[in-house]
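Single-structure report; data block below.
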Amino acid sequence: MTAVDAHKSMMESSDAASKSAPPDRPERRPLAPYLLSLPALALFAVLLLVPLVMTGLLSLNSFGFYTGIEDVWQLGNYIDIVTDDYFHEIFLRTFRIAVVVTLLCAVLGAPEAYILRRMRSPWRGLCLLVVLGPLLISVVSRTLGWALLFGSTGIINTALMAVGLIATPIEFMYTETGVIIALTHVLVPFMVLSVWASLQRLDPQVENAALSLGAKPFTVLRRVVLPQVVPGILSGSIIVFALAASAFATPAIIGGRRLKVAATLAYDEFLNTLNWPLGAAIAILLLLANIVIIVGCNRLVERRYKQVFE
Amino acid sequence: MNRNGPVALVFHMLFLAFLLAPILVVCVVAFTSQGYLSLPTEGLSLRWFKAIGDNPEFARAFRDSLLLGAVSSTIAVAFSVPAALAIARHQFRGREAITALFLSPLMVPHIVLGIAFLRFFTQIGLGGTFAGLVLSHVVIILPFALRLILAASTGMDRSIENAAASLGATSWTTFRRVTLPLILPGVASGWVLAFINSFDEVTMTVFIASPETTTLPVRLFLYIQDNIDPLVAAVSASLIFMTVAAMLVLDRLYGLERLLVGRGQE
């Protein structure tokens with residue numbers, strides 16, 4: 001649920017800014033907006049900025065197995081993460097999973113959004129509900145479904161073996177394949193949502209014009225539709241990538257202890273090894289990577305496709 | 001002329017099957033009469049739903065989740081309404097920055113927030129308390145409430161407010177009798193969306209919950225890590241049924257498409 005709104009709100013906040021007309025008369029009480037937003041501002045200063053800053057500071061502390069968290073300031077945790085092969089492997093795996101999930105979501109979600117748009121009225125709303133509804137269902141419940149489907153005696157293996165496609169059960173649990181399938185399922189609605197939003201701006205008459213001028217349907221798709229939905233696919237990809245890279249519940253259930261990703265690594269450092277400073281350093285790296293990717297890619301997409309967004 | 005061809009329809013069907021399969025499997029397994037996981041199941045029974053009631057930990061986590069969702073969405077809405085009114089109807093310095101700050105919890109991975117809150121609450125002595133859970137949930141669900149209330153207050157016709165004011169109503173009366181009723185659909189859907197997000201949250205909560213105060217998704221998650229049995233399927237199925245019910249309410253109240261896709265442009 002989260003990142004799509006992040007992305008949409010980024011577009012909407014500027015939208016709302018231009019729409020809410022500037023006051024037609026001079027403000028009588030110039031302090032009013034500040035007073036109105038003060039409670040929420042104070043809340044966020046105390047409950048968002050302070051904890052994040054404290055985490056940043058914690059990541060600079062060191063940790064001893066007998067002494068616990070030590071109040072020294074150093075970059076040891078970051079150096080450990082950058083130089084240790086164990087961490088490299090986990091971060092690389094996280095990156096690989098996020099890339100594959102993003103590609104799968106684009107390949108599945110973009111055509112689905114297009115198909116949905118071409119459906120007739122009652123079906124379209126109903127199917128949209130079915131596609132987007134899972135966003136509101138708990139991630140744990142959805143992942144549990146995949147765990148049930150995956151098990152060596154689960155439906156997928158039983159069916160594949162009954163058909164004769166495979167002789168021995170495929171391992172889905174505790175493998176990257178399993179995590180990728182389940183994460184794609186969890187995140188693909190965000191891609192549909194993003195492409196759907198960009199399709200709303202597409203005028204169907206343009207497609208009809210291309211067809212009436214003799215273009216083949218595939219050419220229309222490639223030359224008319226695709227270029228206009230590329231921004232939607234790209235912003236959907238940013239959302240999916242960011243969420244996949246920091247996903248926790250799904251990799252923890254499907255990947256287990258054996259297949260760690262960055263988020264489950266941070267969890268283990270915090271709650272099992274109790275090395276809080278190292279866990280904090282992993283979290284800070286994850287946060288920085290997230291911000292760089294979201295903000296950086298958004299800038300790129302918006303600059304490249306400026307005319308589409310206006 | 002703009003019809004989906006057979007290839008597109010097959011793709012569509014497979015896509016829906018992919019999306020629905022795990023959700024349906026959970027619901028089917030939950031109704032098994034066996035004492036273990038079996039698919040296809042032989043007999044149907046409600047024994048595992050009854051078992052939820054007999055498991056005091058799940059029952060308590062469920063009650064705590066409901067209470068947490070209700071309290072934190074109410075607080076989030078109470079903070080969002082004035083902030084949304086300020087952003088929607090005033091031009092002021094720092095307006096964009098303030099809006100970005102209010103929406104920023106959406107950009108921070110929940111795992112990072114979980115770690116940050118664990119550190120913060122341990123330092124100030126709120127570790128493992130219900131108050132800590134409420135405060136952290138208010139922060140992550142406020143953007144959802146704010147967005148819907150903001151949309152409602154931006155589109156509102158202000159002439160009625162001016163009429164009330166010119167007839168001598170005080171600003172508090174105007175707010176209570178005119179503004180609030182007008183933005184109420186946005187406020188109510190903001191509350192429900194915030195509640196759903198609080199109720200479903202697991203990644204951040206797993207860090208700050210304690211064995212005594214925990215939420216249903218966290219309890220479920222920790223249980224699944226040890227073993228998967230029909231009991232967790234029954235709990236998950238109940239969650240799914242409740243979410244579908246909440247979706248139907250939201251659809252009536254606000255329109256699910258408008259809620260998820262944004263204001264209709266057609």
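Here, each number is a calculation from the coordinates, and none is a lab measurement. Everything numeric here is computed off the predicted structure, so don't read it as measured data. Every residue, glycine as well, gets a Cβ built from its backbone with ideal geometry; the counts of neighbours run over all protein chains shown.
With all pairs of different C-alpha atoms in the average, the Kirkwood value for the hydrodynamic radius of chain B is 21.3 Å. Per q in 0.20 Å⁻¹, report the Debye log10 I(q)/I(0) for the range B:1-156, using one uniform scatterer on each alpha carbon and no solvent. Result of the Debye calculation: -1.15.
Once each of the trypsin sites (Lys or Arg not before Pro) sitting in a DSSP loop with at most 16 other beta-carbon atoms within 10 Å is removed, chain B keeps B:159-262 as its longest stretch.
Charging the Cβ of each Asp and Glu at -1 and of each Lys and Arg at +1, and nothing else, the dipole of the range B:61-261 about its Cα centre rounds to 700 debye.
Any idea what angle helix B:56-89 forms with the longest principal axis of chain B, computed on alpha-carbon atoms, 0 to 90 degrees, nearest 10? So the helix axis and the longest Cα principal axis differ by about 20 degrees.
Between rounded, prolate and oblate, where does the protein assembly as shown land on the alpha carbon gyration tensor, with a ≥ b ≥ c its root eigenvalues, rounded for a/c under 1.5, else prolate if a/b exceeds b/c? Rounded, because the longest to shortest axis ratio a/c is under 1.5. Here the average projected area of the convex hull drawn through the C-alpha atoms of the range B:63-137 stands at 6.0 nm². Counting Lys and Arg as +1 and Asp and Glu as -1 over every other residue whose Cβ lies under 9 Å from the Cβ of A:Arg93, the net charge comes to 0. Under the criterion of Cα pairs below 8 Å and six or more residues apart, the relative contact order for chain B equals 29 percent. When chain A is treated as a GNM with alpha-carbon contacts under 10 Å, the residue of A:Ile233, A:Ile181, A:Ile69 showing the greatest mean-square fluctuation is A:Ile69. For the range B:234-243, backbone phi angles converted through the Karplus equation (6.51, -1.76, 1.60; θ = phi - 60°) give residue-by-residue couplings of 5, 5, 4, 4, 4, 4, 5, 4, 5, 5 Hz, Gly and Pro being listed as x.
Considering only A:Ser37, A:Ser198, A:Ser62, the mean-square fluctuation computed in a Gaussian network model of chain A, springs between alpha carbons under 10 angstrom, is largest for A:Ser37. Ordering A:Ala147, B:Leu180, B:Val235 by Cα displacement along the dipole of the protein assembly as shown toward the positive end leaves B:Leu180 in first place; charges were set at the Cβ atoms of Lys, Arg (+1) and Asp, Glu (-1).
In order along the range A:86-103, phi translates into HN-Hα couplings of 4, 6, 3, 4, 5, 5, 4, 4, 4, 4, 4, 4, 4, 5, 5, 4, 4, 4 Hz, rounded to whole numbers, per the Karplus curve 6.51 cos²θ - 1.76 cosθ + 1.60 with θ = phi - 60° and x for Gly and Pro. Sorted from longest to shortest, the spans of the Cα atoms of chain A along the three principal axes equal 77, 77, 32 Å. A simple spin-label model places pseudo-atoms 7 Å from Cα toward Cβ; at A:Phe218 and A:Asp71 they are separated by 7.1 nm. Remark: the B:Leu180-B:Leu16 segment gains 55.0 nm on full extension, using 0.36 nm per residue and subtracting the alpha carbon distance.
Across chain A, the relative contact order, built from alpha-carbon pairs under 8 Å that are at least six residues apart, equals 26 percent.
Mind pulling the per residue volume of the convex hull built on the Cα atoms of the range A:155-310? Å³ is fine.
Hull volume normalised by residue count: 147 Å³.
Counting every other Cβ atom within 10 Å of each residue's Cβ, A:Ile90, A:Ile293, A:Ile253 order from fewest to most as A:Ile293, A:Ile90, A:Ile253.
Spin-label model, A:Val130 to B:Thr170: label points 7 Å out along the Cα-to-beta-carbon direction sit 5.6 nm apart.
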